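K.L.:
Quick one: structure below, then a few questions.
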Amino acid sequence: MAVQSIFVITDKADALAELCYGARKLADQVTAVVFGDRPAAEKAAACGAQTIFYGPVESCRPEDYCKAIAEEVRKVPSALVLLNNSIRCRCIAGTLGAYLNTAVMTCVNEISPEGGRIVCKRTVYGGSAVRSQVFTGAYGVVTAGNGIFGDIDTVFPAADSIAEIPGKPECAVRLVARNEKKGGGANLAAAKRIVDVGRGLAAQEDLDMCRQLASLLGAELGCSRPVAENNKWMPIANYIGLTGVTVKPDLLFSMGVSGQVQHIAGINKSKVIVAVNKDKSAPIFKNADFGLVGDIYKVIPELIKKLS
Amino acid sequence: MKIITCCKIVPDEQEIQVLPGKELDLTKASWKISQYDLNAIEAAKKLSAEIPSTLTALSIGNSNALEGSKIRKDILSRGPDELSLVIDDTHHFSDSLETAGAIATALKNSDGFDLVLCGTGSGDLYSQEVGVQIGALLGIPTVNNVTNIKVKGNALEVERTLEDEIEILEVSIPAVLSVSSDINVPSVPAMKEIMRAGKKPVHILDIALTDAASSVEQLSQLVPEQQERRMEIIEGDNEEAVESLYQFLRKEIL
């Protein structure tokens with residue numbers, strides 16, 4: 001094993017089992033930290049960790065446990081801290097990193113043991129390169145991209161120990177209110193088919209035809225960054241790319257997407273990419289299995305007819 | 001309020017060349033302000049329009065990135081009253097803690113501040129951790145992915161948008177906030193501001209950064225493996241072309 005101990009920290013219940021499964025492949029001892037009460041921790045008993053710590057969050061936030069978690073990590077001479085790549089976990093990761101005197105490698109797409117070290121790969125320069133790195137100190141902190149450990153094929157026994165985090169939470173920031181987010185995005189990361197809309201779309205109303213196509217294909221609707229961020233035609237949570245969602249569907253149907261390097265970094269794990277764009281020199285065609293150089297306003301209505 | 005906005009000068013990724021060994025050649029790329037830091041500068045500008053503030057931009061990096069007067073003017077034309085620079089060629093600033101440590105050192109040596117603003121991540125490495133780590137190193141409150149900032153007396157009311165909920169947080173100052181890239185749309189500097197930028201003060205800070213080794217060792221940095229694609233490309237949007245597309249889809253998935 002490349003490291004002796006891994007601490008898995010998640011704020012999303014569905015990420016816990018996958019990270020613990022991955023951690024067990026890399027280390028002998030896996031400790032999970034979950035946020036919630038004891039019953040919630042007991043539900044996660046068979047996640048794969050031998051030890052589970054839980055931190056109640058009725059009167060504080062998960063971030064408030066960073067000092068307490070760092071204290072637990074420091075009880076072992078060396079360890080890797082592995083988190084899911086959510087906004088909250090990135091905040092926890094950075095804080096823990098500062099306390100443990102280490103940098104954070106975020107959104108790592110590959111973690112593998114090589115010659116007694118754990119090598120992490122992550123994308124840099126807007127998708128232009130993949131950097132392989134190792135931690136040089138006793139501790140390291142990593143946030144893992146979606147699905148990097150593959151499907152779970154092991155059944156683990158219940159954890160040996162489930163206990164509340166010994167240290168007390170410290171609230172540096174006061175939670176005034178917690179509001180539900182309106183118009184939450186589709187679950188693109190898990191979608192099997194995706195219709196991916198780019199700047200070739202001329203007006204927001206035209207999303208209707210894209211939605212229709214998506215529904216005929218049984219696909220979720222995603223978009224490129226400018227469609228969400230500049231035009232605000234779709235929720236930010238729906239934009240695909242290096243800085244947005246990374247997807248890996250069986251089929252990605254891109255319409256009017258030029259194929260900037262950041263966007264390609266978000267779609268290149270798709271099994272099949274189909275592209276329609278009227279610009280013959282659009283980089284998307286170099287990344288497509290099937291490309292049609294043509295006007296989406298002619299192609300899509302025609303295709304909808306055929307699929308109906 | 002004294003606001004410091006951190007901004008990183010990064011190579012323009014569109015101009016990065018690929019060498020035969022799949023390594024990158026950054027030497028031909030021009031330097032630009034990391035795009036996400038433009039949101040932090042804009043957020044600072046908006047706050048200073050609401051309450052009287054001084055706005056200082058802070059950038060730390062190697063001399064080849066920070067020596068040019070063009071890039072300095074570019075930063076200053078976007079709203080800051082002054083620019084502080086730490087020029088250091090002994091560090092690579094290639095891991096989040098190294099960069100955060102350098103910024104924290106510069107902040108400790110500054111005349112004080114109420115608020116430090118960072119972008120969501122840097123355009124080159126995009127760790128999205130430097131703001132958080134600065135806050136943790138200085139032992140002051142820090143929040144990431146901030147989508148709105150209001151001044152409420154001696155504290156800030158901060159909106160933070162998470163994947164499935166929105167938190168409203170009360171943050172005491174001094175604090176470090178990393179703003180989301182959708183907090184605002186950075187404005188394009190007007191000609192008047194570009195002209196004024198050349199007259200604004202630039203301070204070269206003489207600060208000794210620690211010579212502690214980076215906590216990360218880079219083994220390689222290579223162009224990603226290109227996924228094999230069939231690249232069956234047809235031209236035209238007539239009936240026949242759409243039929244070929246339909247047949248392809250049918251074969252693949254239907």
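The values are calculated or read from the model by the stated rules, or taken from the named source; none is laboratory data. If you're wondering where the values come from, they're calculated on a predicted model, not measured in any experiment. Because the Cβ atoms are built from the backbone with ideal geometry, glycine has one as well, and the counts that use them run over all protein chains shown. Surface accessibility is based on the protein's heavy atoms, side chains included, excluding ligands, DNA and RNA. Shrake-Rupley method; radii C 1.70, N 1.55, O 1.52, S 1.80 Å.
K.L.:
Please go through segment A:114-145 and pick out each residue that is under 20 Å from A:ILE69 (Cβ atoms) and of a type in the set (A, V, I, L, M).
P.N.:
Once the filter is applied, which keeps residues that are under 20 Å from A:ILE69 (Cβ atoms) and of a type in the set (A, V, I, L, M), segment A:114-145 yields A:ILE118, A:ALA138, A:VAL141, A:VAL142, A:ALA144.
K.L.:
Let me ask something else about it. What number goes with the only condition from (1) touching a strand residue (DSSP E or B) at 6+ places or on another chain (Cβ under 9 Å); (2) open to solvent by 40 Å² or more (accessible area, probe 1.4 Å) that B:LEU115 does not pass?
P.N.:
Looking at each condition in turn, B:LEU115 falls short on (2).
K.L.:
Go through (1) open to solvent by less than 20 Å² (accessible area, probe 1.4 Å); (2) touching a residue at least 40 places away in the same chain (Cβ under 8 Å) and name the single condition B:LEU162 misses.
P.N.:
(2)
K.L.:
Also, I was wondering about something else. If you scan segment B:129-145, which residues turn out to be touching a residue at least 40 places away in the same chain (Cβ under 8 Å) and either of a type in the set (Val, Ile, Thr) or touching a Cys at 6+ places or on another chain (Cβ under 8 Å) (or both)?
P.N.:
B:VAL130, B:GLY131, B:VAL132, B:ILE134, listed by residue number.
K.L.:
When you scan segment B:135-148, how many residues do you find that are within 17 Å of B:PHE113 (Cβ to Cβ), assigned to a strand (DSSP E or B) and of a type outside the set (A, V, I, L, M)?
P.N.:
Count: 1.
K.L.:
Going residue by residue through segment B:165-174, is there one that turns out to be without any contact (Cβ under 8 Å) to a residue 12 or more places away in the chain, facing chain A (nearest Cβ under 7 Å) and not β-branched (Val, Ile, Thr)? Explain how you work it out, then say what you get.
P.N.:
Filtering segment B:165-174 down to residues without any contact (Cβ under 8 Å) to a residue 12 or more places away in the chain leaves B:165, B:167-168.
Now narrow it down to the ones that are facing chain A (nearest Cβ under 7 Å): B:165, B:167-168.
Cutting the leftovers down to not β-branched (Val, Ile, Thr) gives us B:165, B:167.
Taking every residue of segment B:165-174 in turn, at least one turns out to be without any contact (Cβ under 8 Å) to a residue 12 or more places away in the chain, facing chain A (nearest Cβ under 7 Å) and not β-branched (Val, Ile, Thr).
K.L.:
State the number of residues belonging to segment B:215-243 that are surrounded by 15 or more Cβ atoms within 10 Å (Cβ to Cβ) and more than 7 Å from chain A (Cβ to nearest Cβ).
P.N.:
Of the residues in segment B:215-243, 0 are surrounded by 15 or more Cβ atoms within 10 Å (Cβ to Cβ) and more than 7 Å from chain A (Cβ to nearest Cβ).
K.L.:
Does B:ILE103 fit the bill of being part of a helix (DSSP H, G or I), over 28 Å from A:VAL261 (Cα atoms), hydrophobic (A, V, I, L, M, F, W, C) and modelled with pLDDT of 95 or more?
P.N.:
Judged against the criteria, B:ILE103 is a match.
K.L.:
From (1) within 14 Å of another protein chain (Cβ to nearest Cβ); (2) in a strand (DSSP E or B), pick out the condition that doesn't hold for B:VAL151.
P.N.:
(1)
K.L.:
If you go through segment B:116-124 one residue at a time, do you hit one that is away from chain A (no Cβ under 12 Å), at pLDDT 95 or above and under 28 Å from B:ALA208 (Cα atoms)?
P.N.:
yes
K.L.:
Would you check which residues across segment A:115-140 are more than 18 Å from the chain's Cα centre (by Cα) and in contact (Cβ under 8 Å) with a residue 40 or more places away in the chain and list them?
P.N.:
Of everything in segment A:115-140, those that are more than 18 Å from the chain's Cα centre (by Cα) and in contact (Cβ under 8 Å) with a residue 40 or more places away in the chain turn out to be A:GLY116, A:ARG117, A:ILE118, A:SER128, A:PHE135, A:ALA138, A:TYR139, A:GLY140.
K.L.:
What number of residues within segment A:162-184 are without any contact (Cβ under 8 Å) to a residue 60 or more places away in the chain and touching a helix residue (DSSP H, G or I) at 6+ places or on another chain (Cβ under 9 Å)? Walk me through it before giving the result.
P.N.:
Our first condition is that a residue be without any contact (Cβ under 8 Å) to a residue 60 or more places away in the chain; within segment A:162-184, this holds for A:174, A:176-184.
Narrowing further to those that are touching a helix residue (DSSP H, G or I) at 6+ places or on another chain (Cβ under 9 Å): A:181, A:183-184.
Residues in segment A:162-184 being without any contact (Cβ under 8 Å) to a residue 60 or more places away in the chain and touching a helix residue (DSSP H, G or I) at 6+ places or on another chain (Cβ under 9 Å): 3 in total.
K.L.:
Here's something else I'd like to know. Of the residues that make up segment B:188-201, is at least one exposed (fewer than 14 other Cβ atoms within 10 Å of the Cβ), part of a loop (DSSP other than H, G, I, E, B), within 12 Å of chain A (Cβ to nearest Cβ) and not aliphatic (A, V, I, L, M)?
P.N.:
no
K.L.:
Of all residues in segment B:125-143 being in contact with a Gly (Cβ under 7 Å, 6 or more places away or on another chain) and open to solvent by 10 Å² or more (accessible area, probe 1.4 Å), which is farthest from the other protein chains (Cβ to nearest Cβ)?
P.N.:
Among residues in segment B:125-143 that are in contact with a Gly (Cβ under 7 Å, 6 or more places away or on another chain) and open to solvent by 10 Å² or more (accessible area, probe 1.4 Å), the one farthest from the other protein chains (Cβ to nearest Cβ) is B:THR142.
K.L.:
Hey, which of the strands (runs of 3 or more DSSP E) in segment A:105-172, taking only ones fully inside, have at least 3 residues that are surrounded by fewer than 18 Cβ atoms within 10 Å (Cβ to Cβ) and either within 14 Å of chain B (Cβ to nearest Cβ) or not aromatic (Phe, Trp, Tyr) (or both)? Give the derivation first.
P.N.:
Values: elements: A:110-114, A:117-124, A:129-135, A:139-144, A:161-164.
It comes to A:110-114, A:161-164.
K.L.:
Within segment B:154-177, track down each residue that is part of a loop (DSSP other than H, G, I, E, B) and not β-branched (Val, Ile, Thr).
P.N.:
B:ASN154, B:LEU162, B:GLU163, B:ASP164, B:PRO174
K.L.:
Return yes when B:LEU209 is of a type outside the set (Asp, Glu), open to solvent by less than 40 Å² (accessible area, probe 1.4 Å) and modelled with pLDDT under 90 and no when it is not.
P.N.:
So B:LEU209 passes the test.
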